[in-house]
Amino acid sequence: MSNIRTIVLKTALLSLSIIAPINFTDSVPEHALAQPPINLVASTSELMHPDTENPSTQIYDFTMADIDGNPRKLSEFKGKVVMVVNTASFCGNTPQYEGLQTLYELYREEGFTILAFPANDFGRQEPGDNKEIADFCYTKYSLGFPLFSKITVLGDQKHPLYRYLTERTPFKGEIKWNFQKFLVSKDGIIIARYRPSQKPLSKLIVHDVEEALKNY
């Protein structure tokens, strides 16, 4: 009888060990650094089955218009650690441009860059056209990292890039506000997501960028 109870207990524990990682992946907090990319892909079935409207399964599959309207393939950033951020010129978080520029300057020589995508989805805080946005960003913050044309990151008109980021990665969920950040590994896997209020030079983000430059 004792042997039977032991076998049943071991079977239950084995079942829990198999189920637990799957549940954990679905509940990763947006501020936490993700597990190694191979585990994320293996435990996130949706990444293995792209939808018919947008079959892209990596950030490198997208071509985006830069702030001057010129097409720019994101595949040019292969091999770099990338931070993707939706921005706005008249937001309480707008001063984060300064921190983003400093973060970029600190780590660009090691293979880090930032891709900024202006959007007017929250509080109408990016009302200008691309020229006005560029004048503001380059004059006030002297941005050195790539700035792209204004897009929509929320709702029915959401750009396919942001549909991918918010629906087809381990960090699902609509963009909450301006300056939501995603961290992308050197091989194009989304490895972290940060709330809009998380400052670019916070210990968490600096740590995650350094780890991604070292380990991925």
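We did not get these values from a lab; they are worked out from the coordinates using the rules stated. Values in this document were obtained by computation on a predicted structure and should not be read as measured data. Neighbour counts run over all protein chains shown; Cβ positions are idealised from the backbone, glycine included.
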Quiz item: What number of residues within the range 66-106 are loosely packed, with under 15 Cβ neighbours inside 10 Å, more than 19 Å from TYR164 (Cβ to Cβ) and under 17 Å from the mean Cα position of the chain (by Cα)?
Solution: 1
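Using the structure shown, decide if VAL206 is buried (at least 21 other Cβ atoms within 10 Å of the Cβ), among the aliphatic types (A, V, I, L, M) and within 21 Å of GLN96 (Cα to Cα).
Details: buried (at least 21 other Cβ atoms within 10 Å of the Cβ): no; among the aliphatic types (A, V, I, L, M): yes; within 21 Å of GLN96 (Cα to Cα): yes.
Judged against the criteria, VAL206 is not a match.
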Quiz item: Which ones in the range 65-86 are more than 26 Å from LYS199 (Cα to Cα) and outside any loop (DSSP other than H, G, I, E, B)?
Solution: ALA65, PRO71, ARG72, LYS73, SER75, GLU76
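Going through ILE205, ILE190 one at a time, which residue ends up being touching a strand residue (DSSP E or B) at 6+ places or on another chain (Cβ under 6 Å) and not basic (Lys, Arg)? Step through it out loud before you land on a result.
Numbers: ILE205 fails: touching a strand residue (DSSP E or B) at 6+ places or on another chain (Cβ under 6 Å).
Going through ILE205, ILE190 in turn, just one is touching a strand residue (DSSP E or B) at 6+ places or on another chain (Cβ under 6 Å) and not basic (Lys, Arg): ILE190.
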